[in-house]
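Written out below as structure tokens is the structure these notes cover.
Coordinate-derived values only; no laboratory data. Only a predicted model underlies this, so the values are computations on that prediction, with no experimental measurement involved. Heads up, the Cβs are rebuilt from the backbone with ideal geometry, glycines too, and the neighbour counts pull from every protein chain shown.
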Amino acid sequence: MLVSKATNRTVEIDASKVSLGSFYTTQSGWLTPEVIKFLEKALKESKGFLLDPFAGDGHLLDAVSKNKTLKNKVVKASGFDIQGTTWPINDSLLEIPNQEQAIIVTNPPYLANHSAKRKGVSSLVAKYFERSAQKNLYMIALENCLASADYVVAIIPETFLLSSFPKDRLELAVVIQAELFGDTDAPALVACFGNNERKAAHIFTGNQSIGQLNEILALRESTAPKQRIVFNDPLGRIGLRAVDGSDGKSPIEFLSAESFSYPANSVVVSSRLMTYLELPELSDSEITQVIKEANRTLNRIREASGDLVLAPFKGNDKAGRRRRRLDYALARRILNQAVKEIRK
Ligand SMILES: C[S@@+](CC[C@H](N)C(=O)[O-])C[C@H]1O[C@@H](n2cnc3c(N)ncnc32)[C@H](O)[C@@H]1O
């Protein structure tokens, strides 16, 4: 696959590995105290059966069956896979048989429909996307898991939290900071779903409680009047670094155009990471105040949400902190809010 047109750089794609999402969970860092508590309750309320419908080498079933708090409560652990000889063959992206009403513990394949096209593996997964409205294989897998079991513990991408996938059965979600997979550093989340609808899920990062999901998502909202904001304007008076730098010293920030070193002529309509923007109705002195206020709001909501209001971006920085990206919808709301504040 061509990854850089400018340098003609290519990387080799393992089509089978990509289409089957065969990235194994080699660490048990996902089994945090809160997840153990959830599984303990779920095992007690069910018959003690565990099922991984995307079982691979069986790492997840092993981790639960060997855990000192859980092992006595596991009566039987079984799995399915679409390949290999360890488990009965089942296409779990189509359906998951679960007559025993086992608790599902799984790490399904992740693959976005657009990535499948870009990586040239579309024909291998088209049949799943054709019969579902979901845009990623892990969401199709999750839909099937939730249809088949009362309790589901799934290791899925952290971006799930900001997605529109229904979260009414989500009880607990734990963001995992450590690397979980042997060969990919995709930021992961352990999502724990119960058997009935609930008002809000409790969110943790590792062992630290961050709050309720609805409170975290509310930090992204603003009722401030909408301003005219032109993004990707090379002549704009505000610079926006919309991603955390990899050096650990250049976080997401609104800056005055003069102090932003990014070349304005590199800005194009599709720019999403570094850009200039304009609020034509504001005076120069208001622009200066808005920049200050917008950074204050941004840092406040980053702090209050443990950074979960922002999508993860390409691994960790040099200081070991997960890099994040500010989407323009949220940038817009922050700027609207800033204008409201300075005009108070
Ligand atoms: C991400 S790996 C996870 C393996 C294991 N649960 C772990 O965490 O180590 C995904 C597994 O799902 C299997 N798989 C992919 N597509 C499948 C499908 N449609 N039905 C069943 N298994 C599938 C792959 O073969 C692979 O073993």
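Remark: the chain carries a charge dipole of roughly 480 debye about the Cα centre, counting +1 on each Lys and Arg Cβ and -1 on each Asp and Glu Cβ. Projecting the Cα atoms of SER209, VAL152, ALA173 onto the dipole axis of the chain, where Lys and Arg carry +1 and Asp and Glu carry -1 at the beta carbon, places SER209 farthest toward the positive end. Relative to the current alpha-carbon distance between ASP91 and LYS47, full extension at 0.36 nm per residue lengthens the span by 13.4 nm. Our summary gives the chain a relative contact order of 14 percent, counting only alpha carbon pairs under 8 angstrom and 6 or more residues apart. Need the list of lysines near LYS318 for cross-linking: C-alpha distance under 21 angstrom, and skip anything on the same chain fewer than eight residues off. The qualifying lysines are LYS249.
In terms of its C-alpha gyration tensor, the stretch 230-342 has an oblate overall shape, because the principal axis ratio a/c (a ≥ b ≥ c, square roots of the eigenvalues) is not below 1.5 and a/b does not outweigh b/c. Helices in the chain, meaning DSSP H runs of at least 4 residues, each add -39500 (n - 2.57). Divided by all residues, the mean residue ellipticity at 222 nm is -8500 deg cm²/dmol. Quick one: check the C-alpha center-to-center distance for the stretch 211-269 versus the stretch 87-129, whole angstrom. The stretch 211-269 and the stretch 87-129 have Cα centres spaced 36 Å from each other.
When you filter the GluC sites (Glu not before Pro) in the stretch 230-318 for DSSP loop state and at most 14 other Cβ atoms inside 10 Å of their Cβ, you are left with GLU281. Footprinting exposure proxy ranking of ASP244, ASP307, fewest other C-beta atoms within 10 angstrom first, gives ASP307, ASP244.
Which lysines have a Cα less than 17 Å from the Cα of LYS119, not counting those fewer than 8 places away in the same chain? Candidates past the 8-residue exclusion: LYS5, LYS17, LYS127, LYS135. FRET efficiency for the pair THR159 and GLN83, taken as 1/(1 + (r/R0)^6) with r the Cβ-Cβ distance and R0 = 22 Å, rounds to 0.25. Here the stretch 312-344 is scanned for amide nitrogen atoms under 13 Å from the site 7 Å beyond the Cα of SER259 along Cα-to-Cβ, giving none. What does the charge add up to near VAL174, with Lys and Arg as +1, Asp and Glu as -1, over the other residues with Cβ less than 14 Å from its Cβ? The answer is -2.
Size check on the chain: the Cα extents along the three principal axes, sorted descending, read 69, 47, 37 Å.
Each residue, MET274 and ASN72, gets one label point 7 Å from its Cα in the Cβ direction; the gap between the two is 5.9 nm.
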